[in-house]
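Q: Questions regarding the structure given below will be posed in turn.
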Amino acid sequence: MSEPHPTIDADDIGSWSREADVVVVGLGCAGAAATLEAAGHEAEVVALERASGGGGTSANSGGVIYLGGGTAVQRECGFEDSPEEMFKYLMAASGPAPDEEKIRRFSEDSVAHYEWFVRHGVPFKAVFYPHYSGEPPTDDGLVYSGSENAYPFNQIARPAPRGHVPQVPGQAGGLLMQTLLAAVDESPAEVVTDAHCRQLVVDRNDGVVGVVARIDGAEHAIRARGGVVLCAGGFVNNKRMVERHAPELMQCKYRVGTTFDDGSGIRLGMAAGGETIHMNHGSISLPIVPPKSLQRGILVNGQGARFINEDAYFGRIGEHAVYRQDGRAFLVLDAETFERPEVERDIAGVGETVEELEAELGLPQGSLQSTLSLYNRHAEKGEDPMFHKGPDYVVPLSHPPYGALDCTTANSLYAVFTLGGLRTSPDGEVLTPDGDAIAGLYAAGRTTSGIAAPGYASGVSIGDGTFFGRRAGRHAARRR
């Protein structure tokens, strides 16, 4: 069955199947937040979920939520943080064109947003997990989830861990979404599953006034008196869109998303006049740790040169490797630093001398020898003037034999999802290329380009999606 045109004129709707104040499209973390907020403002809400149950990509994620500014968990774990320090870090990390207004609001209201999660039943254990970024294997509730404690960001803002993890060992996305969906079930909102939103209904005077969704094999027109909120995920699983907008991501083997991360929400918003931005941006993760001791090695590119401080967050490392090094990277170690990574990785080469390893890796003659000689000269004094790696991980690599772990996109599991999408206001209004709000149309989560950008930190998607999902739901409810 061919897809209909993504908009339909309101005059062509013969009759409405039903009406609501707010229609939410998609029930991942952003959609759940929009639904809860709109319902909390006494709006009649219908949430349409394309799958047979809510959760989306959020349910399959690590469940890390980027929050800060001095949350109860941060304080109980002994970390000092403030909205201003959080703002400075996110502005520095979220380049090259950070959305200052959104980042400011997210930072200033982050403590209140943490308390919103708690009110809805999400549990957090006030124990800091120090061993690596991302969700811990324990049920500890706080981690460093970005490069806050690494150069250059530790020179820009006071470091503080801001990855808040729901209290369950390992991946916490399931618990997070079970909790939020239970809150949705307890709210007055109506949830309709197996509902594919295929068109936006547009009135020439009133903007977006509803949707047409396919439910139980039939087309249903649902009127939205206040607004439609698009929370339908990103486009990582739409090969055509990725090839067109973000071709570098095609070389990454693991796409983080569900089948329905196909860009449908983005395309609906575009058809109604919405602008897309940052469509070439993606989050790209290369986890060279755990164990964290592997950060004592050095990452080199296809020319045998270092390109980043190895103690940076694995998302920052992945972005640099793909966008700047064409996916060519090797982690060089010596006999004293070599360990098997917990994420299985091939050995790309070994050698009794650096020269032999260089030849095995196919690097230009003398390149790795020169890089390692310079690195070791400074490492003998515990220094790294080139990339300023933390002193705990600066040691000379001078004990043969030498080896290199394969960190190329061809032979490693780079995890990727898209960051580009509809441009929105801080209240979730979808904006035209001229910066005007499209009446009645809102969006949140990966359907939008939020504060997440190159420099992504774990938890920003859920933090951003729920925070601005709430704002979108609230604004749409007030418009009714």
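Q: So, in the stretch 273-299, exactly how many residues are surrounded by 24 or more Cβ atoms within 10 Å (Cβ to Cβ), hydrophobic (A, V, I, L, M, F, W, C), part of a loop (DSSP other than H, G, I, E, B) and modelled with pLDDT of 95 or more?
A: The total comes to 0.
Q: Report yes if some residue within the stretch 5-26 is under 21 Å from the mean Cα position of the chain (by Cα), at pLDDT 95 or above and farther than 21 Å from R479 by Cα; otherwise report no.
A: The answer is no, given that none of the residues of the stretch 5-26 is under 21 Å from the mean Cα position of the chain (by Cα), at pLDDT 95 or above and farther than 21 Å from R479 by Cα.
Q: On the given criteria, is R158 basic (K, R), more than 19 Å from the chain's Cα centre (by Cα), at pLDDT 95 or above and not assigned by TED's automatic domain parsing to the domain that holds G459?
A: For R158, the condition - basic (K, R), more than 19 Å from the chain's Cα centre (by Cα), at pLDDT 95 or above and not assigned by TED's automatic domain parsing to the domain that holds G459 - is met.
Q: Could you tell me whether G121 is assigned to a loop (DSSP other than H, G, I, E, B) and closer than 23 Å to A33 by Cα?
A: Yes, satisfied.
Q: Next up: Mind listing whichever residues of the stretch 185-212 are under 26 Å from the mean Cα position of the chain (by Cα), among the β-branched types (V, I, T) and surrounded by 15 or more Cβ atoms within 10 Å (Cβ to Cβ)?
A: V191
Q: While we're here: Would you please name the residue that is surrounded by the most Cβ atoms within 10 Å (Cβ to Cβ), looking only at residues in the stretch 87-103 that are in contact with a strand residue (DSSP E or B) (Cβ under 9 Å, 6 or more places away or on another chain) and hydrophobic (A, V, I, L, M, F, W, C)?
A: Residues of the stretch 87-103 in contact with a strand residue (DSSP E or B) (Cβ under 9 Å, 6 or more places away or on another chain): 90, 97, 102.
From what's left, hydrophobic (A, V, I, L, M, F, W, C): 90, 97.
Working: L90: 30, A97: 12.
Applying the filter and picking the extreme gives L90.
Q: When the stretch 82-93 is examined, which residues are found to be within 17 Å of A457 (Cα to Cα) and among the acidic types (D, E)?
A: Passing the criteria: only E85.
Q: Which is in contact (Cβ under 8 Å) with a residue 24 or more places away in the chain, of a type outside the set (S, T, N, Q), assigned to a helix (DSSP H, G or I) and surrounded by fewer than 23 Cβ atoms within 10 Å (Cβ to Cβ), of L175, L180?
A: Values: L180 fails: surrounded by fewer than 23 Cβ atoms within 10 Å (Cβ to Cβ).
Criteria check complete, one pass: L175.
Q: Shifting gears a bit: Kindly establish whether A312 is outside the structural domain of A232 (by TED's automatic domain parsing), in contact with a Phe, Trp or Tyr (Cβ under 9 Å, 6 or more places away or on another chain), under 16 Å from H388 (Cα atoms) and small (G, A, S).
A: yes
Q: Looking only at the stretch 1-30, filter to residues that are assigned to a helix (DSSP H, G or I) and either in the same structural domain as H120 (by TED's automatic domain parsing) or among the hydrophobic types (A, V, I, L, M, F, W, C) (or both); which one of those is surrounded by the fewest Cβ atoms within 10 Å (Cβ to Cβ)?
A: Our first condition is that a residue be assigned to a helix (DSSP H, G or I); within the stretch 1-30, this holds for 10-12, 29-30.
Keeping just the survivors that are either in the same structural domain as H120 (by TED's automatic domain parsing) or among the hydrophobic types (A, V, I, L, M, F, W, C) (or both) gives 10, 29-30.
Working: A10: 18, C29: 33, A30: 36.
Going through the qualifying residues, I end up with A10.
Q: Filtering the stretch 31-74 down to residues that are touching a Lys or Arg at 6+ places or on another chain (Cβ under 6 Å) and part of a helix (DSSP H, G or I), which residue is surrounded by the most Cβ atoms within 10 Å (Cβ to Cβ)?
A: Of everything passing the filter in the stretch 31-74, A33 is surrounded by the most Cβ atoms within 10 Å (Cβ to Cβ).
Q: Okay, next question. If you check every pair at least six apart or on different chains, which have Cβ atoms under 8 Å apart with a residue in the stretch 365-380 that is under 14 Å from D334 (Cβ atoms) first and a residue that is among the hydroxyl-bearing types (S, T, Y) second?
A: N376/S398
Q: Continuing with this model, one more query. Here's a check for you: in the stretch 452-471, which residue that is touching a strand residue (DSSP E or B) at 6+ places or on another chain (Cβ under 6 Å) and not small (G, A, S) is nearest to A97 (Cα to Cα)?
A: Y456
Q: Go through the stretch 197-214 and give me each residue that's free of Cβ contacts under 8 Å to residues at least 40 places away in the same chain and assigned to a strand (DSSP E or B).
A: R214
Q: Ok, one more. List pairs: first residue in the stretch 87-102 and part of a helix (DSSP H, G or I), second residue of a type in the set (S, T, Y) anywhere in the structure, Cβ distance under 7 angstrom, at least six positions apart or on different chains.
A: F87/S107; L90/S107; A93/S147
Q: Separate question: Tally time: how many residues in the stretch 404-437 are over 30 Å from D346 (Cβ atoms), among the acidic types (D, E) and in contact (Cβ under 8 Å) with a residue 24 or more places away in the chain?
A: Of the residues in that region, 2 qualify.
Q: Right, something else. Going by the conditions given, is A439 more than 27 Å from P341 (Cβ to Cβ), surrounded by fewer than 24 Cβ atoms within 10 Å (Cβ to Cβ) and of a type in the set (A, V, I, L, M, F, W, C)?
A: Working: more than 27 Å from P341 (Cβ to Cβ): yes; surrounded by fewer than 24 Cβ atoms within 10 Å (Cβ to Cβ): yes; of a type in the set (A, V, I, L, M, F, W, C): yes.
It is true that A439 is more than 27 Å from P341 (Cβ to Cβ), surrounded by fewer than 24 Cβ atoms within 10 Å (Cβ to Cβ) and of a type in the set (A, V, I, L, M, F, W, C).
Q: Checking the structure you have, find out if any residue of the stretch 452-469 is outside the structural domain of S94 (by TED's automatic domain parsing), under 15 Å from T276 (Cβ atoms), in contact with a Cys (Cβ under 7 Å, 6 or more places away or on another chain) and in contact (Cβ under 8 Å) with a residue 60 or more places away in the chain.
A: So far as the stretch 452-469 goes, no, none of its residues is outside the structural domain of S94 (by TED's automatic domain parsing), under 15 Å from T276 (Cβ atoms), in contact with a Cys (Cβ under 7 Å, 6 or more places away or on another chain) and in contact (Cβ under 8 Å) with a residue 60 or more places away in the chain.
Q: Taking the stretch 1-26 as the region of interest, how many residues are over 16 Å from T448 (Cβ atoms) and in contact with a helix residue (DSSP H, G or I) (Cβ under 8 Å, 6 or more places away or on another chain)? Show your work before the answer.
A: Just the residues of the stretch 1-26 that are over 16 Å from T448 (Cβ atoms), to begin with: 1-23.
Still in the running and in contact with a helix residue (DSSP H, G or I) (Cβ under 8 Å, 6 or more places away or on another chain): 5-7, 21-22.
Counting residues in the stretch 1-26 that are over 16 Å from T448 (Cβ atoms) and in contact with a helix residue (DSSP H, G or I) (Cβ under 8 Å, 6 or more places away or on another chain) gives 5.
Q: Just to be sure I understand, how many residues within the stretch 298-350 are of a type in the set (A, V, I, L, M) and either more than 24 Å from P152 (Cβ to Cβ) or without any contact (Cβ under 8 Å) to a residue 60 or more places away in the chain (or both)?
A: Total meeting the criteria: 7.
Q: Shifting gears a bit: Which of the residues spanning the stretch 402-446 are polar (S, T, N, Q) and touching a helix residue (DSSP H, G or I) at 6+ places or on another chain (Cβ under 8 Å)?
A: T409, T418, T424
Q: Yes or no: the stretch 85-95 includes at least one residue that is of a type outside the set (D, E, K, R), within 30 Å of G40 (Cβ to Cβ) and at pLDDT below 95.
A: yes
Q: Given the conditions (1) under 29 Å from R478 (Cβ atoms); (2) touching a residue at least 24 places away in the same chain (Cβ under 8 Å); (3) more than 20 Å from the chain's Cα centre (by Cα), which single one is not true for K125?
A: Result: K125 passes all but (1).
The values are calculated or read from the model by the stated rules, or taken from the named source; none is laboratory data. The structure presented is a predicted model; accordingly, all values stated were derived computationally and were not measured. No Cβ is skipped: glycine too gets one built from the backbone with ideal geometry, and neighbour counts run over all protein chains shown.
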